[in-house]
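Have a look at the structure below, then the notes.
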Amino acid sequence: MPIHGFSTKRCRFVQFRKGTALVSTEKNVLTDALIAILRCPRTGEALQWAPPGIVEELNRQIAAGEARDASGEVVVGALDAALMNENQSWSYPIRDSIPALIPDEAISLAR
């Protein structure tokens with residue numbers, strides 16, 4: 001049965017810290033067209049791909065136990081990629097092609 005345009009044959013349930021979501025199992029579902037309509041859950045700004053240098057720095061901080069999300073929790077697990085808002089104040093982790101667009105799981109990019 002289709003759910004919001006997806007066949008459940010191509011989807012799986014994924015458990016996040018704050019809940020469960022039905023997501024596509026197809027690789028590379030994050031296209032530039034999709035990202036163009038996504039908005040930062042904290043600020044409402046448009047989202048964009050975080051450059052590799054920012055992702056590398058976030059992964060360094062995660063490995064060192066220094067990265068905390070907006071709720072103050074220590075971020076665990078390396079990022080495959082990230083999205084960030086226009087003013088580069090918040091990033092949203094992408095793991096296994098799934099973006100975590102949950103306000104409390106945003107990682108501050110304040111320097």
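The values are calculated or read from the model by the stated rules, or taken from the named source; none is laboratory data. Here the structure is a predicted model, which means the values were calculated and not measured. Here Cβ is always computed from backbone atoms with ideal geometry, including for glycine, and neighbour counts include all displayed protein chains. For accessibility, only protein heavy atoms count, side chains too; no ligands or nucleic acids. Shrake-Rupley method; radii C 1.70, N 1.55, O 1.52, S 1.80 Å.
Scanning the range 36-81 for residues that are among the acidic types (Asp, Glu) and surrounded by 15 or more Cβ atoms within 10 Å (Cβ to Cβ), which turns out nearest to SER108 (Cα to Cα)?
The qualifying residue nearest to SER108 (Cα to Cα) is ASP69.
Say whether the condition of being assigned to a loop (DSSP other than H, G, I, E, B), over 17 Å from SER97 (Cα atoms), modelled with pLDDT under 50 and open to solvent by 50 Å² or more (accessible area, probe 1.4 Å) is met by at least one residue in the range 8-26.
No: zero hits.
Just the residues that are open to solvent by 30 Å² or more (accessible area, probe 1.4 Å) and either of a type in the set (Asp, Glu) or at negative phi (or both), please, taken from the range 94-106.
Passing the criteria: ARG95, ASP96, PRO99, LEU101, ILE102, PRO103, ASP104.
Out of all the residues in the range 56-72, which are without any contact (Cβ under 8 Å) to a residue 24 or more places away in the chain, on the phi < 0 side of the Ramachandran plot and in a loop (DSSP other than H, G, I, E, B)? Step through it out loud before you land on a result.
Of the residues in the range 56-72, the ones without any contact (Cβ under 8 Å) to a residue 24 or more places away in the chain are 56-57, 59-66, 72.
Of the ones still in play, those that are also on the phi < 0 side of the Ramachandran plot are 56-57, 59-64, 66.
Listed by number, the residues that qualify are ALA64, GLU66.
Within the bounds of the range 82-93, is there any residue that is touching a residue at least 40 places away in the same chain (Cβ under 8 Å), crowded, with 20+ Cβ neighbours inside 10 Å, over 20 Å from LEU30 (Cβ atoms) and not β-branched (Val, Ile, Thr)?
Within the range 82-93 (the criterion being touching a residue at least 40 places away in the same chain (Cβ under 8 Å), crowded, with 20+ Cβ neighbours inside 10 Å, over 20 Å from LEU30 (Cβ atoms) and not β-branched (Val, Ile, Thr)), the answer is no, since none of the residues qualifies.
How many of the residues in the range 41-75 are touching a helix residue (DSSP H, G or I) at 6+ places or on another chain (Cβ under 9 Å) and either among the polar types (S, T, N, Q) or under 15 Å from PRO99 (Cα atoms) (or both)?
Count: 10.
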